[in-house]
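Q: Dropping a structure here in structure tokens format, bear with me for questions.
The values are calculated or read from the model by the stated rules, or taken from the named source; none is laboratory data. Just so it is clear, the structure is predicted and the values come from calculations on it, not from any experiment. Counting neighbours? That spans all protein chains shown, and the Cβs are built from the backbone with ideal geometry, glycine included. Each accessible area value is taken on the protein alone, full model and side chains, heavy atoms only, with ligands, DNA and RNA left out. Shrake-Rupley method; radii C 1.70, N 1.55, O 1.52, S 1.80 Å.
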Amino acid sequence: MPSCLVKLTRVVLSHKPWAVFTLIFVLVSFAYIELYLGIWEDSENRFPTYDLSAEINCAHYVPSPLSTVGGPSPSAGNVFFVETSQKTAPSYLFSCSVESAARTHPASRVVVLMRGLDKKNTSLPKHWAFSLLSCFPNVEIRPLDLTELFSGTPLKRWYMWPLRHWEPYFLPVVSDACRIVLMWKFGGIYLDTDVIVLKNLQNLTNALGIQDHDVLNGAFLSFKPKHKFMELCIQDFVEDYNGWIWGHQGPELLSRVFKKWCSIRTIRSTHCKGVRALPPEAVYPVPWQDWKKLFKAVSASEFHKLLKNTYAVHIWNKLSHGTKLKIPSQALLAQLYSQFCPATYAKMKRDSEQLSRRAV
């Protein structure tokens, strides 16, 4: 038990009659938060991975590596992914997201920031995903230093508050903070690690996507550095902070700021004061309410019709992570893997075949 709880116990017991009730409430809340955080971190990694071998033959999985003559162009802007937990064992979906971004943005640096990586150790952990992603010359996997990232912004003081880690949605909220700071400081493109990229996103400058009616989502963000909209998002993050309500610092924050930015009451697909709210089909063609559709078979014509006006597909991993995906199959998600992250798909297929042989 933290020392602050011990002190609280002594103070509370000296003030009756509410002493016992208050103490029980605090202890139960603390236990709930610790349990929730443990479950949340574990659930993010439940997407099945059968073979953790780090041995990857780039020539086999990536026979035609991306051509980035002279290296990625700095003017193209970076594509950022962030892992705020301590996990260092990426899932198939994580690998697919990064691979699809690397393939569709050959002139950009695809920067993967992971909190679990040791800053003092220059080598990556032995895991097939790191080995596979290293086959792409424009992918860079780096440690995430949150104190350094938040420095120079109001979020550093927010993050350094001692009791911050007790909040029930701490990791999702930190992720929300990272993306708006990355966009404000460096600009470029931010993507969640459960977004499969279909097309180059560089022409979608100063843009974000509508999730559904009246709600914006931050799984995709694209902004120029030091943009006023991102600055307002950082201000709102601190001034209207509530880490105890799911989404308050994420989709609800972006929606609040956009409504003020455009002086509107209802969000719709629009271009307002230099910022674009993209229609749902751009990044969220499958609504979160219909996430099971990702695991259902679709014909080739249905597949292309559904994604005709789509740049990327959010997979809603928080909801879908426990669902088994058959490989190979005609499921929508399997087809996305096959077409947009073929190296990861080949690894999945090989692992699935090995598992089937072991079961015989």
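Q: To the nearest Å, what is the center-to-center distance of the range 251-290 and the range 163-177, using C-alpha atoms only?
A: 24 Å
Q: Let me ask something else about it. Given 25 °C and 0.890 mPa s, how large is the Stokes-Einstein diffusion coefficient of the range 164-282 in µm²/s, with Rh as the Kirkwood radius over Cα pairs?
A: 171 µm²/s
Q: I need the trypsin sites (Lys or Arg not before Pro) found in the range 103-195, filtered to DSSP loop residues with at most 16 other beta carbons within 10 Å of theirs.
A: Hits after loop and neighbour filter: 119, 120, 126.
Q: Of the heavy-atom accessible surface of the range 183-276 (probe 1.4 angstrom), what whole percent is carbon and sulfur?
A: Carbon with sulfur: 52 percent of the solvent-accessible area.
Q: Pick out, in residue order, every one of the trypsin sites (Lys or Arg not before Pro) in the range 274-360 that is DSSP loop and has at most 13 other C-beta atoms within 10 Å; say none if there are none.
A: Passing both the DSSP loop test and the Cβ count: 296, 308, 324, 326.
Q: Next question, about the same structure. Just tell me which lysines come within less than 30 Å, Cα to Cα, of residue 308; anything on the same chain fewer than 8 places away is out.
A: Filter leaves 199, 224, 259, 273, 292, 293, 296, 318, 324, 326, 347, 349.
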